Amino acid sequence: MTTAVAALAAVTAGSPASAAPGPRLVTDPAAYVNPLIGSTNLGNTYPGAVRPFGMLAWSPQTTRGAQVSTPAPGGYEYRATRVRGFSLTHLNGVGCNGGAGDIPIMPYVGDVASSPSADTSDATYASDFSHENETARAGYYRVGLDSGASAELTTTARTGSGRFGFPANQPASMLFRTSNSETGSTDATVQVDAAARTVTGSVTAGNFCGPQSANNRQALYTLHFTAHFDQPFARFGTWRDDALTPGASTASGGTGVDTGSPVPGKGSGAYVTFAEGTTKVGVKVAISYVSLDNAEANLRAENPQKKTFDAIRSEATADWQRHLSKIKVGGGSADQLSTFYTALYHSMLEPTLTNDVDGRYLGADGKPQRLAKGQEAQYGTFSGWDQYRAQVQLMTLIDPKAGSDYAQSLFNYATQRGGEWDRWLLVHGKTSVMSGDPAAPAVAGIHAFGGRDFDVKGALRSLITAATVPNANDSDSAGCNVACVGQRPALDKYLQLGYVPADGCSCWGGAAETMEDGVADFALAELAGQVGDRANERTFLKRSGSWSNVFDVTATPQGGYMRSRKADGTWADRTFTPATESGFVEGSSARYTWMVYSDVAGLARAMGGNKAAEQRLDAFFRTTDGTFDFSARDLTRYDPTNEPDMNAPYLYNYFGVPYKAQETVRAVMDQLWGNTPGGIPGNDDAGTMSSWYVFSALGMYPQNPSRADLVLSAPLFPRAVIEAGPAARSRSTPRTPPRRTSTSSRSR
């Protein structure tokens, strides 16, 4: 299906691209991608080489002189111009330390004379660089280091090709810091085979948000890697902690994570040094979460010895062209085009592929599993609290099969974990980070936007069980606040009271948890209705009104707000201000009050009607002199850097003043987004904020994440064409066309 979007006009489903007048459409979208956008610690993006949803992402690890930390989650901070390695895995835009940064590989100019683990200040085995010597493109990265070495990287889905340069008059070495994942490792292994010119090994890591939650200080995955060089090794050796052993071919040992962070001076690795006069070194790398044999198989299948670096780079560019060309825009400035296509690029970095070329992947039960019937890919790394609000909808709109496989992947992991869905998966592992039950709206959103090729009925049954049958984890406060272990924290209280109380709450925040549960309940109602389960549709639609149980109509003289309340029905705070963060997650009452996706009309009535709601929204976005305030410093105003109120500008449409939605959305895009390293206003959150931008630039947004209704604003570009392929047939429901309703006022 083709959707044409013209400026100041509604979306027209099914109209041919030729029907849309205006400027010529972009034909080379990959050329506009600037991976350095968002690479300050505002956006926490990374600039290295990766394929769409790729398993392997080869990117720099920067440092400010502390071996056991990175200046930003994701490994790269634009203002930290010193590199200690190029790691094979990365996360895009996360706000929590930990996750990925596995197997840093560093070109080192000189002989290795001491243990790199003992270099705790990154004084010796790291190098400065200048951004003038750095190039980042879709699927390609290059940097020249001040040491005289250089790194040039490109990738396939599971493998990478690297070209490293060295000065002719100094020793050329490569370091494998196998234990130095971003937040440490419990173990690591490495083996050098000089005859085969290979370095292989593994790291056992994870520890996502470990500094914030002792719950996550555990190994969540083991990554296996292989590296094949095109040059012989003149010398090699290994190290463990502060001991260097020249000539040794094996080593093991992790950095530790007991305190939530790696221990300075701990860890193991290997080095290889090439023959005198070596100036160019090529290497092919591959990874697997299953086994070393699978990593080797991935390399043979995707990046065989005969395939050149330039061939892989060309294929990477072509792959990005195919994916980015699903949305073609016309008009706009060069900077606007770069901002748009980089946002679309960032929306496609996660989830990450976890299955190998043979269809096997590591399940949530720690055992190798195979793809389900009809499934083409198993995806991991689900930043659910973020992604359910925009990212999965965009992913599925332009690639229904990928969305379907994502939903099936989440269901597979939940089934392997005894029916428990997690809100933040790191690869396949449960971290429990954030709040609510985001799997429900994510799966419903995928289904609504055309992803039908997964076990819909099985997933629905599992999610309904999790929403109606409290288990021990739901009542366990372990991991709270950041990582409460239950899928539905305090579910027993929610079922009893209709809200999650502030007292005795095994949750992060009672009011926020109640609102998230209401979002999940509406998602289950939608999904149940789609498969013809009218009883559960009615049950969960009624439950989705739980937001009203934490809305205090008399909270302030200016009107009602969301508040945390006790089990006896009284409000938790003796005194109340809309700026309170008590009972909320990464937000205030003022911000969460607008997070009613499925019943905006009901929210407006509770506020005293559309006019009163409109005036409240005016004060939320503007100062008393009428100026927009997007600084997020005032807790009573809009926070454009985080998810709970990211829908708020679009609510003007429901209140009968769509021009205010258009004005506000455009102001956010113009003032906060741009073609600069600081061009994303907050953590990109696995592509969620970038997905908001893509939708907003197209002039439409899925305000209610569980439906395919698109609320309109003013498109940024005079012309845009979306190629949203036909919905795949569901294996559990009759084929029905996905809803592509465009509306500016629909509420339920």
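The values are calculated or read from the model by the stated rules, or taken from the named source; none is laboratory data. Small disclaimer: the values here were computed from a predicted structure and weren't measured. Here Cβ is always computed from backbone atoms with ideal geometry, including for glycine, and neighbour counts include all displayed protein chains. Side chains included, ligands, DNA and RNA excluded: accessible areas come from the protein's heavy atoms. Shrake-Rupley method; radii C 1.70, N 1.55, O 1.52, S 1.80 Å.
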For this session: Could you check how many residues of region 25-73 are crowded, with 21+ Cβ neighbours inside 10 Å and charged (D, E, K, R)?
Result: 1
Seminar exercise, completed: Scanning region 85-98 for residues that are more than 15 Å from residue 68 (Cβ to Cβ) and of a type in the set (Gly, Ala, Ser), the one most open to solvent (accessible area, probe 1.4 Å) turns out to be 95
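Going residue by residue through region 378-387, is there one that turns out to be surrounded by 21 or more Cβ atoms within 10 Å (Cβ to Cβ) and over 14 Å from residue 409 (Cβ atoms)? Break it down into steps so the answer makes sense when it comes.
Of region 378-387, the ones surrounded by 21 or more Cβ atoms within 10 Å (Cβ to Cβ) are 378-387.
If we keep only those that are over 14 Å from residue 409 (Cβ atoms) too, we end up with 385-386.
Yes, some residue in region 378-387 is surrounded by 21 or more Cβ atoms within 10 Å (Cβ to Cβ) and over 14 Å from residue 409 (Cβ atoms).
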For this session: Look at region 446-478 and say how many of its residues are within 22 Å of the chain's Cα centre (by Cα) and among the polar types (S, T, N, Q).
Result: 0
Exercise. Cβ-Cβ below 6 Å, separation at least six or inter-chain, first residue in region 235-253 and farther than 12 Å from residue 112 by Cα, second open to solvent by 50 Å² or more (accessible area, probe 1.4 Å) and charged (D, E, K, R): which pairs?
Worked result: 241/266; 251/240; 253/240
Exercise. Looking at region 115-128, is at least one residue in contact with an Asp or Glu (Cβ under 8 Å, 6 or more places away or on another chain), farther than 27 Å from residue 224 by Cβ and open to solvent by 20 Å² or more (accessible area, probe 1.4 Å)?
Worked result: yes
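Taking the condition among the polar types (S, T, N, Q), out of contact with any Leu (no Cβ under 8 Å at 6 or more places or on another chain), touching a residue at least 40 places away in the same chain (Cβ under 8 Å) and in a helix (DSSP H, G or I), does residue 317 pass?
Values: among the polar types (S, T, N, Q): yes; out of contact with any Leu (no Cβ under 8 Å at 6 or more places or on another chain): yes; touching a residue at least 40 places away in the same chain (Cβ under 8 Å): yes; in a helix (DSSP H, G or I): yes.
Answer is yes for this residue.
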Seminar exercise, completed: Restricted to region 280-309 and to residues being part of a helix (DSSP H, G or I) and open to solvent by 30 Å² or more (accessible area, probe 1.4 Å), the residue nearest to residue 51 (Cα to Cα) is 302
For this session: Please verify whether region 708-727 includes one or more residues that are of a type in the set (Ser, Thr, Tyr), touching a residue at least 60 places away in the same chain (Cβ under 8 Å) and under 29 Å from residue 525 (Cβ atoms).
Result: yes
For this session: Output the residue which, of all residues in region 334-375 that are in a strand (DSSP E or B) and not β-branched (Val, Ile, Thr), is nearest to residue 402 (Cα to Cα).
Result: 353
Problem set entry | Considering residues of region 649-698 that are surrounded by fewer than 22 Cβ atoms within 10 Å (Cβ to Cβ) and of a type in the set (Gly, Ala, Ser) only, the residue nearest to the chain's Cα centre (by Cα) | 682
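Scan region 585-597 for residues that are over 14 Å from residue 632 (Cα atoms) and open to solvent by less than 10 Å² (accessible area, probe 1.4 Å) and report the count.
Quick first cut of region 585-597, residues over 14 Å from residue 632 (Cα atoms) only: 585, 593-597.
Subset that is open to solvent by less than 10 Å² (accessible area, probe 1.4 Å): 585, 593-596.
Looking only at that region, the number is 5.
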For this session: Within region 201-223, work out how many residues are over 17 Å from residue 96 (Cα atoms) and buried (at least 24 other Cβ atoms within 10 Å of the Cβ).
Result: 4
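Do we find a residue being of a type in the set (D, E, K, R) and either open to solvent by less than 50 Å² (accessible area, probe 1.4 Å) or within 31 Å of the chain's Cα centre (by Cα) (or both) anywhere in region 500-508? Step through it out loud before you land on a result.
If we filter region 500-508 for residues that are of a type in the set (D, E, K, R), which is where we start, we get 503.
Then drop every residue that is not either open to solvent by less than 50 Å² (accessible area, probe 1.4 Å) or within 31 Å of the chain's Cα centre (by Cα) (or both), which leaves none.
For region 500-508, residues of a type in the set (D, E, K, R) and either open to solvent by less than 50 Å² (accessible area, probe 1.4 Å) or within 31 Å of the chain's Cα centre (by Cα) (or both): absent.
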For this session: Being among the small types (Gly, Ala, Ser) and open to solvent by less than 30 Å² (accessible area, probe 1.4 Å) is the filter; apply it to region 266-279 and report the residue that is farthest from residue 237 (Cα to Cα).
Result: 267
Problem set entry | Test: residue in region 671-681 that is at pLDDT 95 or above and within 17 Å of residue 587 (Cβ to Cβ) | yes
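A quick yes/no check of all residues on (1) under 28 Å from residue 95 (Cβ atoms); (2) of a type outside the set (D, E, K, R); (3) open to solvent by 20 Å² or more (accessible area, probe 1.4 Å); (4) in contact with an Asp or Glu (Cβ under 7 Å, 6 or more places away or on another chain):
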{"site": "414", "(1), (2), (3), (4)": "yes, yes, no, yes"}
{"site": "426", "(1), (2), (3), (4)": "yes, yes, no, no"}
{"site": "437", "(1), (2), (3), (4)": "yes, no, no, yes"}
{"site": "465", "(1), (2), (3), (4)": "no, yes, yes, no"}
{"site": "478", "(1), (2), (3), (4)": "yes, yes, yes, no"}
{"site": "487", "(1), (2), (3), (4)": "yes, yes, no, yes"}
{"site": "493", "(1), (2), (3), (4)": "no, no, yes, no"}
For this session: Inspect all residues belonging to region 561-575 and state whether any of them is touching a residue at least 12 places away in the same chain (Cβ under 8 Å), among the polar types (S, T, N, Q) and open to solvent by less than 10 Å² (accessible area, probe 1.4 Å).
Result: yes
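Any idea which residue in region 587-614 is nearest to residue 480 (Cα to Cα), counting only those that are in a loop (DSSP other than H, G, I, E, B) and without any contact (Cβ under 8 Å) to a residue 60 or more places away in the chain?
588
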Exercise. Does region 721-733 contain any residue that is on the phi < 0 side of the Ramachandran plot and at pLDDT 95 or above?
Worked result: yes
